[in-house]
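Heads up, the thing below is written out as structure tokens.
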Amino acid sequence: MAKLDHLFRLMHERNASDLHLFTGNEPALRIRGDMIRISSEVLTNEKLKEMLYEIITPDKIRFFEQTGDLDFGYELDGLARYRCNYFMQKNGHGAVFREIPSTILSVDHLGLPQVLKQLVMLPRGLVLCTGPTGSGKSTTLAAMIEHANQNRKGHVITIEDPIEFVHQGKQCIINHREVGTHTQSFAMALRAALRENPDIILVGEMRDLETTELAIEAANTGHLVLSTVHTMGATRTIDRIVDMFPAAQQAQIRTSLSESLKAVISQALFKRTDTMGRVAALEILLVTHAAANLIREEKTYQLLTVIQTGRRLGMVSMDDSIMELLQRRWISVEEGYDKCVDKDRFCKLLKYTPPEW
């Protein structure tokens with residue numbers, strides 16, 4: 001058994017989301033958002049290098065030594081998968097591992113809104129899940145894909161870097177592709193996917209112009225495309241996508257987005273105060289005719305009004321979602337205030353008045 005496997009088992013036992021190993025530092029776990037040291041032993045560069053190289057192939061070792069960075073997936077049978085990142089830093093080697101549960105939780109089990117089930121059953125369109133790193137975007141998308149896997153008959157292609165959740169085909173046929181292992185890039189895999197007769201395409205991240213353009217094209221040509229963007233809120237997400245394109249193309253992209261975009265799901269994770277674990281607050285924009293017109297006419301700043309008036313359709317603002325968690329006494333007022341949009345609305349709930357922003 002690899003030395004890292006023992007740390008992975010400890011990580012799993014303590015319900016940690018991440019394992020951090022850096023030369024010159026003690027091993028640490030991220031548990032409920034906090035960094036907790038798990039040993040007083042400071043890692044030397046030689047010892048850490050030996051541990052890291054034990055679970056990768058000679059080809060990956062050569063690539064890492066040439067570039068100083070490496071992303072890959074690792075699976076510990078019967079336990080979980082891990083998203084692994086190696087890098088070089090001032091003191092030597094470093095690595096961060098994110099645990100990907102082997103069991104894919106359902107939309108219901110995660111307590112996510114029922115509208116997410118409807119979105120993944122759409123015949124075509126673009127659905128974006130947004131939020132900062134570590135906010136649970138991959139878990140949400142995996143739950144949605146699993147709902148489709150159980151309730152529609154189709155072909156699902158996932159394109160990730162690296163592969164995270166692994167779905168076993170049920171009603172659907174599912175193919176997982178890893179950038180760097182099975183394909184050279186997101187863009188190449190997306191271009192090829194258009195000829196592979198998919199019903200659903202999961203793109204791990206829309207991180208560059210070419211990938212974004214191809215994802216929008218795929219959504220416009222009869223496929224359901226699910227992807228992530230590292231932004232918060234529908235307005236920022238749409239503006240970020242449009243701003244990726246040259247000024248001369250932006251009007252055309254707004255039009256394409258108004259036709260292809262079906263929903264933007266923004267989420268933030270909070271520590272539970274009533275029990276162990278964490279819970280997500282979600283902002284959901286469904287692109288109705290009114291929302292599509294605002295996108296096309298460059299009036300995305302008015303989308304919050306669409307969200308607030310669309311509750312009966314399943315829309316909800318981030319602040320309303322946070323307030324619901326507060327009313328259930330699931331999260332702290334301080335963390336709700338920290339992650340809300342309208343600070344004035346939550347300020348009066350605090351015991352102490354915060355300094356002015």
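Among the residues of segment 45-60, which ones are surrounded by 13 or more Cβ atoms within 10 Å (Cβ to Cβ) and either in contact with a helix residue (DSSP H, G or I) (Cβ under 6 Å, 6 or more places away or on another chain) or closer than 12 Å to A2 by Cα (or both)?
M51, L52, Y53, I55, I56 - these are the residues of segment 45-60 that are surrounded by 13 or more Cβ atoms within 10 Å (Cβ to Cβ) and either in contact with a helix residue (DSSP H, G or I) (Cβ under 6 Å, 6 or more places away or on another chain) or closer than 12 Å to A2 by Cα (or both).
So, in segment 236-264, exactly how many residues are aliphatic (A, V, I, L, M) and out of contact with any Ser or Thr (no Cβ under 7 Å at 6 or more places or on another chain)?
Taking segment 236-264 as the starting set, the residues that turn out to be aliphatic (A, V, I, L, M) are 238, 241-242, 244, 247-248, 251, 253, 257, 261, 263-264.
Okay, now just the ones that are also out of contact with any Ser or Thr (no Cβ under 7 Å at 6 or more places or on another chain), so 242, 247-248, 251, 253, 257, 261, 263.
Looking only at that region, the number is 8.
If only one of E164, E146 is in the same structural domain as Q267 (by TED's automatic domain parsing), outside any loop (DSSP other than H, G, I, E, B), within 16 Å of the chain's Cα centre (by Cα) and of a type in the set (D, E), which one is it? Even if it seems obvious, please write down each step before you answer.
Working: E164 fails: outside any loop (DSSP other than H, G, I, E, B).
Step by step, each of E164, E146 is checked, and only E146 is in the same structural domain as Q267 (by TED's automatic domain parsing), outside any loop (DSSP other than H, G, I, E, B), within 16 Å of the chain's Cα centre (by Cα) and of a type in the set (D, E).
When you go through (1) in contact with a Lys or Arg (Cβ under 8 Å, 6 or more places away or on another chain); (2) modelled with pLDDT of 95 or more one by one for V306, which number turns out not to apply?
It fails just one condition, (1).
How many residues are crowded, with 16+ Cβ neighbours inside 10 Å, within 22 Å of L269 (Cβ to Cβ) and aliphatic (A, V, I, L, M) when one looks only at segment 7-37?
6
If M121 satisfies all but one of (1) touching a helix residue (DSSP H, G or I) at 6+ places or on another chain (Cβ under 7 Å); (2) at pLDDT below 95, what's the number of the condition it fails?
Of everything listed in (1) touching a helix residue (DSSP H, G or I) at 6+ places or on another chain (Cβ under 7 Å); (2) at pLDDT below 95, M121 misses just condition (2).
For segment 247-273, name all the residues that are in contact with a strand residue (DSSP E or B) (Cβ under 8 Å, 6 or more places away or on another chain) and of a type in the set (S, T, N, Q). Break it down stepwise before answering.
If we filter segment 247-273 for residues that are in contact with a strand residue (DSSP E or B) (Cβ under 8 Å, 6 or more places away or on another chain), which is where we start, we get 257, 260-272.
The answer is S260, S266, Q267.
Could you tell me which residue of segment 254-288 is surrounded by the fewest Cβ atoms within 10 Å (Cβ to Cβ), considering only residues that are outside any loop (DSSP other than H, G, I, E, B) and among the basic types (K, R)? Don't jump to the end; show me each part of the working.
Going through segment 254-288, the residues outside any loop (DSSP other than H, G, I, E, B) turn out to be 254-271, 278-286.
Narrowing further to those that are among the basic types (K, R): 254, 262, 271, 278.
Values: R254: 21, K262: 19, K271: 15, R278: 17.
The residue in question is K271.
Is segment 174-192 home to any residue that is farther than 23 Å from T57 by Cα, assigned to a loop (DSSP other than H, G, I, E, B) and not basic (K, R)?
Among the residues of segment 174-192, not one is farther than 23 Å from T57 by Cα, assigned to a loop (DSSP other than H, G, I, E, B) and not basic (K, R), which makes the answer no.
Identify, by number, the condition in (1) touching a Lys or Arg at 6+ places or on another chain (Cβ under 8 Å); (2) of a type outside the set (D, E); (3) not in a helix (DSSP H, G or I) that I295 doesn't meet.
Status for I295: all satisfied but (3).
Within segment 13-125, considering only helices (runs of 4 or more DSSP H) that don't extend past its boundaries, which have at least 2 residues that are over 26 Å from Q168 (Cβ atoms)? Steps first, please.
Numbers: elements: 45-53, 58-67, 107-110, 115-119.
Fully inside segment 13-125 and qualifying: 45-53, 58-67.
Please name all residue pairs, on different chains or six or more residues apart, with Cβ atoms under 7 Å, provided the first residue is in segment 289-310 and is assigned by TED's automatic domain parsing to the domain that holds T255 and surrounded by fewer than 12 Cβ atoms within 10 Å (Cβ to Cβ) and the second residue is modelled with pLDDT under 95 and assigned to a helix (DSSP H, G or I).
Qualifying pairs under 7 Å: Y301/T235.
Could you say which residue among A192, A251, A187, A247 is crowded, with 16+ Cβ neighbours inside 10 Å, at negative phi and more than 17 Å from the chain's Cα centre (by Cα)?
Details: A192 fails: crowded, with 16+ Cβ neighbours inside 10 Å; A251 fails: crowded, with 16+ Cβ neighbours inside 10 Å; A247 fails: crowded, with 16+ Cβ neighbours inside 10 Å.
One residue alone meets the criteria, A187.
Yes/no matrix, rows are residues, columns are (1) in contact with a strand residue (DSSP E or B) (Cβ under 6 Å, 6 or more places away or on another chain); (2) within 26 Å of N220 (Cα to Cα):
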| position | (1), (2) |
| --- | --- |
| Q66 | no, no |
| N85 | yes, no |
| R98 | yes, no |
| V107 | no, no |
| L110 | no, no |
| K117 | no, yes |
| V120 | no, yes |
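The values are calculated or read from the model by the stated rules, or taken from the named source; none is laboratory data. Given the structure is predicted, the values throughout are model-derived calculations rather than measurements. Positions of Cβ are backbone-derived with ideal geometry, glycine not excepted, and every protein chain shown enters the neighbour counts.
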